Structure formats: structure tokens, C-alpha cells
Amino acid sequence: MSRYRRKQAQEVFEVSGVRSSLTDDVRTRTRKYAISMGIRTVCFLGAIVTEGLLRWSLFVGAIVLPYIAVVIANGGREPTRHNPPPAVQLPLRTQLPPAQREDRS
């Protein structure tokens, strides 16, 4: 069993700097939106049950959270942490010399 635990502690290396798939990105943004809407529902229900300043605070939260959730969901893909290293290094291109005219005398 100690052998298995040693393997878990090893560092995992990335093969490349490739972004996550579009499907994973959409799934992540959908999850964030659903969590925000769940919090909004709790705020709305809490505003019905409570009284005083807490009621109005929860009511404002229930009104503002949909805007924040939509902005987060439509925010686009997450930026990559770093660009992948170039696979091939191309040689520096040099300019061709000017063409020489031939004398036909």
C-alpha cells in the first residue's frame, strides 16, 4: 500500500500547452451559471422568510445575481497559462540579392 501512495504524490507534467476542449469549457461555464442561479434562488427564498435589513439585502442579491451569472457565463474561454513552446525553429530568412542585368553587346 505504501508503494501506491508514493505514486500519488508524484508531480504530473503537461504534455503541451493545449487548451481544454470546447465541450469542457461550455460544461464549466454552465456549471458556474447553475451555481449562481442556485444561490439566487436561496436569496429569493430567504428574502421571503426573513425580515428587516437582511430581507432587503437578500432581495437585492436575488435581483443582481442573474446579471452577474450571465456575464460570467458569456465571458468566453479561459486564457491559457502559457503558450506551448514552438515545435520547430525556422532559420532566419534573408533577402535575395538584386537581379543582375546581362549586357548583350
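The values are calculated or read from the model by the stated rules, or taken from the named source; none is laboratory data. As the structure is a prediction and not an experimental result, all values here were calculated from the model. Here Cβ is always computed from backbone atoms with ideal geometry, including for glycine, and neighbour counts include all displayed protein chains. Accessible surface areas use protein heavy atoms only, side chains included; no ligands, DNA or RNA. Shrake-Rupley method; radii C 1.70, N 1.55, O 1.52, S 1.80 Å.
Taken one residue at a time, the phi angles of the stretch 54-62 give Karplus couplings (6.51, -1.76, 1.60, θ = phi - 60°) of 4, 4, 6, 5, 5, 5, 5, x, 5 Hz. Gly and Pro are set to x.
The accessible area of Leu45, taken with all protein chains in place and a 1.4 Å probe, comes to roughly 100 Å².
Measuring with a 1.4 angstrom probe and ignoring ligands and nucleic acids, Glu102 comes out at about 150 Å² accessible. Placing dummy labels 7 Å off each Cα toward the beta-carbon, the span from Met37 to Leu22 is 2.2 nm.
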